[in-house]
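Below: the structure, in structure tokens.
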Amino acid sequence: MNLSDYFSSTPGIYMAQSFCHALISVIIVERAIRTWRIEEPLMKQRFRFIVMVLPIFSWPVFQILNPDRGSILFRFEALFDINRWLYLNIGGVVPFGLIFILILILSTMIFIFQEMIPIVKHTHETRSRKLETHRPGPDSVVFQVLKEIKGKKPDVLIIDDDDYILFSATGRNAAVFLSTGLLQVLNRDQLQVALVHEMAHIARNKRPSLLFIFILRVMMFFNPVTLIEFRKIVQEEEKICDDIAVSITGKPHALAETLKKLFHTADAPKTFRVEKLTEVRANLQEYSQTMLIDSRIKRLEQETAGIKENAWFKWALTLIVISIINYYVV
């Protein structure tokens, strides 16, 4: 099958239009967030959900509404016809459609090797690894802090390790894990906000919306736009859990100090540098992590964490504008 036949087929049309619709969606969404100065992570996450959800369903929904949407007459009146670009030859030699397919293949490879394989590997290692843990005793500061946290709480297990370890495990046996080494450097307030933050992750992971978005991400494995936007949604999730911890404990500065102790080290990269090509991925991930931690600390120190915004009208207006524009992009 040549490029012309492929992009005339249903899978080719779907992949091409979903990519264009995602690209237009992310441009409008990011502009809307900046123009309206949306700062609340939960609201920003809802805006970015548009980029994840709309491109998957836009093409079949538009075709149901107008079966003639793919006709030549409609394409003449459309705002943008991707077929005109896909059939062009760059320099009269290289088809633009071939470059487009290579972009989709590259995005698929990134999805497999940087997302799916690490997730499967981590899940397998977590299930096969048996951590030496124990529950905090009545005299433990962890036990005392847990008593001060209201509501239903997951198990909190202590790992005998001098390293700074703090993470949560979801599922039927949800629990928060922290190390004895971390307990030695956190004071009572810092320990409390750290535990509440991880408990917020456990509570939110039970929400079907987050699972739904992850499934959509898997379905759009070929789309580089959703790859980038999904990672932004994950970053916003950390800030959302910061907000929950602050709203429950009222201690934003304690959480900021906890983040500094957990993640700020003397060799943490402040700029992105690459000395060897093989170090690109590791350096980029470390730099991105550092930037995220710095932005979280800044929000907490400025006491802007936990501020609620009512931007549903702006969200709906953004969705309508994107839907109308994408209808005329074929």
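The values are calculated or read from the model by the stated rules, or taken from the named source; none is laboratory data. Only a predicted model underlies this, so the values are computations on that prediction, with no experimental measurement involved. Counting neighbours? That spans all protein chains shown, and the Cβs are built from the backbone with ideal geometry, glycine included. Quick note on the areas: whole protein, heavy atoms, side chains included, nothing else; ligands and nucleic acids left out. Shrake-Rupley method; radii C 1.70, N 1.55, O 1.52, S 1.80 Å.
Within the stretch 54-73, the residues that satisfy the criterion of being of a type in the set (A, V, I, L, M) and open to solvent by 30 Å² or more (accessible area, probe 1.4 Å) are LEU54, VAL61, ILE64, LEU65, ILE72, LEU73.
Quick check, is PHE47 surrounded by 13 or more Cβ atoms within 10 Å (Cβ to Cβ) and within 30 Å of ASN310 (Cα to Cα)? For PHE47, the condition - surrounded by 13 or more Cβ atoms within 10 Å (Cβ to Cβ) and within 30 Å of ASN310 (Cα to Cα) - is met. LYS314 falls short on exactly one of the conditions (1) open to solvent by less than 40 Å² (accessible area, probe 1.4 Å); (2) basic (Lys, Arg); (3) modelled with pLDDT of 95 or more, and that condition is (1).
When the stretch 183-212 is filtered for residues that are in contact with a Ser or Thr (Cβ under 7 Å, 6 or more places away or on another chain) and either farther than 27 Å from LYS232 by Cβ or open to solvent by 50 Å² or more (accessible area, probe 1.4 Å) (or both), the ones remaining, listed by number, are LEU186, GLN190, GLN192, ASN205. For the stretch 22-39, a tally of residues being more than 19 Å from SER107 (Cα to Cα) and either open to solvent by less than 10 Å² (accessible area, probe 1.4 Å) or touching a helix residue (DSSP H, G or I) at 6+ places or on another chain (Cβ under 8 Å) (or both) returns 6. Listed by position, the strands (runs of 3 or more DSSP E) enclosed by the stretch 95-182 include none that has at least 3 residues that are open to solvent by less than 60 Å² (accessible area, probe 1.4 Å) and at positive phi. For beta carbons closer than 6 Å, sequence separation of 6+ or different chains, a first residue in the stretch 108-123 that is closer than 14 Å to MET219 by Cα and a second that is open to solvent by 60 Å² or more (accessible area, probe 1.4 Å), the qualifying pairs are THR108/PHE221; PHE111/PHE221.
Can you tell me which residue in the stretch 234-264 is farthest from SER288 (Cα to Cα), limited to those that are basic (Lys, Arg) and open to solvent by 40 Å² or more (accessible area, probe 1.4 Å)? Looking at residues that are basic (Lys, Arg) and open to solvent by 40 Å² or more (accessible area, probe 1.4 Å), I get LYS251.
Residues that are of a type outside the set (Ser, Thr, Tyr), under 27 Å from VAL26 (Cβ atoms) and modelled with pLDDT of 90 or more occur at least once in the stretch 244-264.
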